[in-house]
Amino acid sequence: MVIGDREPRKGEREGGAAAVLAVCVPVVVMLGLALWGLDRDGMWRDEGVTFQVARRSVPEILRLVQGVDAVHALYYLLMHAVLAVHPGEIALRLPSVLGAAAAAGLIAALGVRLARPRVGLWAGLLYAVTPLVGHYAQEGRSYALVTAGAAGATLLLVRRVWWAYGVVLTVTCLLHELAAPVVCAHAVTLGVGRAPRRVWAAWGCAVAAAGVALLPLLQVSRAQAGQVGWLPVPGWGSAERLLREFAAGPTGVVFGVCVLLMVAGLGAGRVAGVALPLLVVPPGLLIAVSQVRPMYDDRYVLYALAGAPLLVAAGADRLTDLVHRVRPSGGRPSHNPSPIATPTSTKGPTTAGPPPADPRTARWRPSPAPSPSPWSSSTTFLHRQDRPGPPPRQPRPHLRLRRPASAPRRPGAVRAVHRAAGGARVSEGVPTGVGHRAAAVRAAVGDALRP
């Protein structure tokens, strides 16, 4: 498995209508859900801080972040530009709405790139309806934008556009420095995908450039580490809570189905190679580091949620393909029925035709040739009377009955049989008009065979 080297299959090309639709629909759904009720009254504590800081001048913001909240410096400058247009709650939360919509579209694009359009569509929609996503899509903080940046960097990693990858990664980490563990997730993806050395070299250059740009922020924020001193040491309960929050439903049947589909999605090689490290590595690293120096909170790793809907959608896609392989006829078991119908009983005497074939053991090939004659047993008997030796081999039911080249002609007997049958054709192995012609046929055959 090599990430990013697959040529799109026929009918699954990214420029196709299905791929465009798979990306656009989650964006529209996420926009609708995030804009619904956006103008609720009141700001909570962190939103109030954003509003107050962003209303200051740029020099005042730069002086402020040298003492506190350096991790949000770039976000405060962005919100300063937004609130300069129209200060208010809607303007405060609108960047988060757009960030959540962009993240939904980028996750869908990842599914399209790694698998097929329906996987991207399902992944994007699952992300849009996740409750935790809806919460931060309406919050005036940077976490929705960071998620969009992490998803965009992951897509550029898969597509191997290294200069753009470096730029997006730098901006994402400047929005929140704890987005840096996404780089470790990308390294795992390249390792699992057995990337060649040239890919590792290009990725390393992009990451190094991002690290150089991030150094001033790291130096300032290190002196402000006391701001997160209130965070507790995370344990297994934190990991369980994060898993429940990352699912489309935190409890009940929805949560169970999501977990099962995630497990099934682990077998989807390309999708799992990208989604699983993104889902597991950043939270795992922060939880591990927080055992020594607490710095873990669920919202700090919101960007890792992008891996969960991709795994769920990949698992659903695998199960759908399995069902289609088992039941290819849309729920009805398919088999090739025998073209020879089973003779039905009538009130009058009947003549025995070829025995009906068992459709479970016989393989019948459809043929446009007429059905075999029901009088093959009489013809065989006539041949045996005129020529000693074994009777000719009976033809297969789907072939036309032909007279052997060496067999003598008995025009009188054949014409008598044909006249008795009334010149009727047979269908499905049963003579037509058998009720009123059977007796005449048997009498004609007897007369023909009488010496």
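The numbers here are math on the coordinates, done by the rules we state, and not lab data. Just so it is clear, the structure is predicted and the values come from calculations on it, not from any experiment. Cβ: placed from backbone, ideal geometry, glycine included. Neighbour counts: every protein chain shown.
Can you grab the distance from the C-alpha centre of segment 174-239 to the C-alpha centre of segment 264-323, Å, no decimals? Between the Cα centre of segment 174-239 and that of segment 264-323, the gap is 16 Å.
Look at Thr172, Thr189 and count the other Cβ atoms within 10 Å of each Cβ; fewest to most, that gives Thr189, Thr172. Count Lys and Arg as plus one, Asp and Glu as minus one, and take only other residues whose Cβ is under 14 Å from that of Ile61; the net charge is then +1.
Per the Kirkwood formula applied to alpha carbons, segment 59-140 shows a radius of gyration over Rh ratio, Rg over Rh, of 1.13.
Simple point charges give the picture: +1 on the Cβ of Lys and Arg, -1 on the Cβ of Asp and Glu, and for segment 153-273 a dipole about the Cα centre of about 480 debye.
Compute the label zone of Leu231 within segment 279-319: residues whose backbone N is under 12 Å from the point 7 Å along Cα-to-Cβ. The answer is 283-302.
Summing charges over all other residues whose Cβ lies under 11 Å from the Cβ of His80, with Lys and Arg as +1 and Asp and Glu as -1, gives +1.
Couplings for segment 279-289, taken from phi via the Karplus curve 6.51 cos²θ - 1.76 cosθ + 1.60 with θ = phi - 60°, read 6, 9, 5, x, x, x, 5, 5, 5, 5, 5 Hz in order; Gly and Pro are left as x.
Rounded, prolate or oblate: which fits segment 169-249 when a ≥ b ≥ c are the square roots of the eigenvalues of the alpha-carbon gyration tensor, with rounded for a/c under 1.5 and prolate only if a/b beats b/c? The shape class here is oblate. Local charge for Val97 was computed over the other residues whose Cβ lies under 15 Å away, with Lys and Arg +1 and Asp and Glu -1, and equals -1. In segment 95-189, a dipole from Cβ-located charges (positive for Lys and Arg, negative for Asp and Glu) runs towards its positive end, and of Leu145, Leu106, Leu174 it is Leu106 whose Cα lies farthest in that direction.
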